Each structure stands twice: as C-alpha cells, then as structure tokens.
Amino acid sequence: MDDARDGVMGVWRVSRAGRLGGYLLIVGPACGALSTWWGVLSHPDLQNADSAGVATAVALGFAFFAWWILLRVRLELTTDTIVMVNPWGTQRLPWSRVSAVSLGNWGAQFHTTDGFTYTAYALSDLAGGTRQDERFTDVRRITETRLRLRDGRPRP
C-alpha cells in the first residue's frame, strides 16, 4: 500500500476519554502516595512510613490496572498482519485469514475465513461499551482496500 510507513498502515488506541480516565487512575493515587511520603518527611515515624508504603502499593496497583486495561490496548494494521492488543492478550491475525470487518459495541470485529471473529477493543470506549463509528471508517477503508488487493480485485 502506498500510505504504509515502515509496514504500518494505521494504529488506533482507546478513545481520548478512555485514555484520560486511565491517566487519572494513575495520577490520583500517585498524588496521594506522594502526600503520605511528604508526611513521612515532616513527621518521621514507623506509622507514617507504613501508611506511605501502603499508599505507594495502592498507587502502583492503580497504575498497573490503568495501563493494562486502557493505555496499552491498541489496534495495528500492518502490511502483513492485524495486531490486536486487548486487556487479556495479543492476537496476530494474518490478512490471508481475514474475510470481512464490522463494528460491534466492543470494537472492530475481524471475521476470518474459518468463521471465527476477533474483536479489537481499541475501537471501543471500554468504560461504556460505546461504538467508535468515526474511527472505524478509517479501519474499514484500509481493510477493504487490503482485501481487494489480496484477492486481485480492482479498486473502485
């Protein structure tokens, strides 16, 4: 494809609102942990140090959760494969197995020639399960062009 840069035709991530929520899940508890550590510096004793340790552990837990569920999720369309990084794992789907693409409430759904469907959650608002029609238009355009080229059909 002419518009592919280094083999990558497009990358999509969770919506802006979802990413903002993820960053807030990181920053809020981190600020709480920093304030408890400030308290340890002001009044150094074992109880304050324990509280700061617990606050740090909670902040790290929230940061890991936000990163894993919201910030690392993405969809990559490359010249060879479709890479779907979802909260529970990464799927790599070669273009040769793809027969169609559609949009569901939980993201772009890639239908395979053997009847399976793979969902890329990066095209959903994970918090509300709402569709991302505007962003899906680009995914569908690239996918349909790629499938036409693969099958040897002329461009419309």
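The values are calculated or read from the model by the stated rules, or taken from the named source; none is laboratory data. These numbers were taken from a predicted model, which means no experiment stands behind them. No Cβ is skipped: glycine too gets one built from the backbone with ideal geometry, and neighbour counts run over all protein chains shown. Each accessible area value is taken on the protein alone, full model and side chains, heavy atoms only, with ligands, DNA and RNA left out. Shrake-Rupley method; radii C 1.70, N 1.55, O 1.52, S 1.80 Å.
Of the candidates Ala108, Ala63, Ala17, which one comes out as most mobile in a Gaussian network treatment of the chain with C-alpha springs shorter than 10 Å? Looking only at Ala108, Ala63, Ala17, the biggest GNM fluctuation is shown by Ala17. Helices that extend 18 Å or more along their long axis by alpha-carbon positions and average at least 0.5 on the Kyte-Doolittle scale are, among the DSSP H runs of the chain, 16-42, 46-66. In the context of the full protein assembly, Ser51 retains an accessible surface of approximately 60 Å², using a probe radius of 1.4 Å and ignoring ligands and nucleic acids.
Set against the labelled values (i) 1.19; (ii) 0.94; (iii) 1.61, Rg/Rh (Cα atoms, Kirkwood Rh) computed from this structure falls on (i). What the Cβ-Cβ distance of Leu60 and Arg16 gives, at R0 = 30 Å and to the nearest 0.05, is a FRET efficiency of 0.75.
Probing with 1.4 Å while keeping every protein chain in the model, the per residue accessible area of segment 10-156 equals 57 Å². Here the simple spin-label model places points 7 Å from the Cα toward Cβ, and for Gln91 and Trp67 these points are separated by 2.5 nm.
Given their separation in residues at 0.36 nm each and the Cα-Cα distance between them, Leu149 and His111 gain 11.9 nm when the chain is fully extended.
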